[in-house]
Amino acid sequence: MASDEGFSDFFYTAPDGLKLHARIYGEANTDAWPVVCLPGLTRNARDFHELALYLSGEAKRPRKVIAFDYRGRGRSDYDPDISHYKVGVEAGDVLTGLAALGIEQAAFIGTSRGGLIIHVLGALKPAVLNAIVLNDIGPVIEVEGLAHIRSYLERAPKPKTFAEAVDTQRRVHGAGFPALGDADWARMVAAISRETEAGLVPDFDPALVDTLAGADLSKPLPDLWPQFDALAAVPLLAIRGANSKLFSGATLGEMQRRHSGMETIIAEGQGHAPFLETGDLPKKIAAFLDRVENQVEYK
């Protein structure tokens, strides 16, 4: 049963025994494709709360929405073996969760790492992908963007209060996100943090930072063009933050060349990764999902 916040908590067990968590919005919405939301590296299901409320309730065609906490994030168990914090394992966890929910096909929205997981799902179980929304991610990750993320995580400030955390996020990331207001930054901090006796802390396993330590950022990172090309038949919407350092305009252009039916949105005044609940992004995402589902139904 959904809570007063509009969702219910779903717990399931990974193949290696970890207890994992997802949020379910709009459980009674069975007349449209469900939507699966996959967050970024250190983020969690709360990133999608406002978007999920819109897609499951306010949209013209309400949908069931499932937002996952990967292992080591949010309400999912931390993994004692940090070598399991990798895209392939997390993709398997998502498939396990969907199987537990009885979901065989869905539309997928992936932010950053979530988009990488979608590329892997296309290789592991392509039939599960009805449609894809990639939020500021593609087959090529720019070294500058990943270096920025690693540097921030390794030297992340440790604010003690919520207000201090909001000020910190705005100070560190504000130049890349001039489109955001005070409420947006506050919502972000609420999504990525949790209260403890020691104060406010990031809501992920600190060992996740160590998984980036071995990345050689002196040369281009391996790309996923073969995996992307395998998605050519899947309806795709790519969103790029106009100020993104991780997802380049050149990569977006090459994606358009390879996937002729791909739709695009440039989120002005936002960097990596755009806040999907802001501006007209929820309506545009919902319209894309409705449009491609209608095309399938009318064939």
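Things to note:
- Of the two radii for the stretch 92-134, the radius of gyration is 0.92 times the Kirkwood radius, both from the alpha carbons; that is the Rg over Rh value.
- Between the labelled values [x] 24.2, 75; [y] 18.3, 54; [z] 18.1, 57, the entry that holds Rg and Dmax of the Cα atoms in Å as derived from this structure is [z].
- Span per principal axis, largest first, for the Cα atoms of the stretch 1-65 (Å): 39, 24, 22
- Virtual spin-label span in nm between residue 213 and residue 161, 7 Å along Cα→Cβ: 3.4 nm
- Note: the stretch 1-141, Cα convex hull, 105 Å³ per residue.
- Relative contact order, percent, the chain [alpha-carbon distance under 8 Å, six or more residues apart]: 19 percent
- Annotation: amide H of residue 133 within the under-5 Å range of 108, 109, 110, 237, sequence separation 5 or more or interchain, hydrogens built in the peptide plane.
- Only Cα sites of the stretch 163-278 enter the Debye sum here, all with the same form factor; the resulting log10 I(q)/I(0) across q = 0.11, 0.14, 0.17, 0.23 1/Å is -0.53, -0.82, -1.06, -1.25, listed in q order.
- Applying 0.36 nm per residue to the separation of residue 99 and residue 11 and subtracting their alpha-carbon distance, the gain on full extension is 30.4 nm.
- Length added when fully stretched, residue 144-residue 227, from 0.36 nm per residue minus Cα-Cα: 27.6 nm
- As a rough footprinting exposure proxy, the listed residues 25, 78 were ranked by other beta carbons within 10 Å of their own, and the order from fewest upward is 78, 25.
- Build a GNM of the chain with springs between Cα atoms under 10 Å apart, and of 111, 264, 161 the one that fluctuates most is 161.
- The stretch 40-134: relative contact order in percent, alpha carbon pairs under 8 Å with at least 6 residues between: 24 percent
- The count of lysine pairs in the stretch 2-136 with alpha-carbon distances below 23 Å, taking only pairs 8 or more places apart or on different chains, stands at 5.
No lab work stands behind these numbers, since they all come straight from the coordinates. This one's a predicted model, so the numbers in the text were calculated from it and none came from an experiment. Every residue, glycine among them, receives a Cβ derived from its backbone with ideal geometry; neighbour counts consider all protein chains shown.
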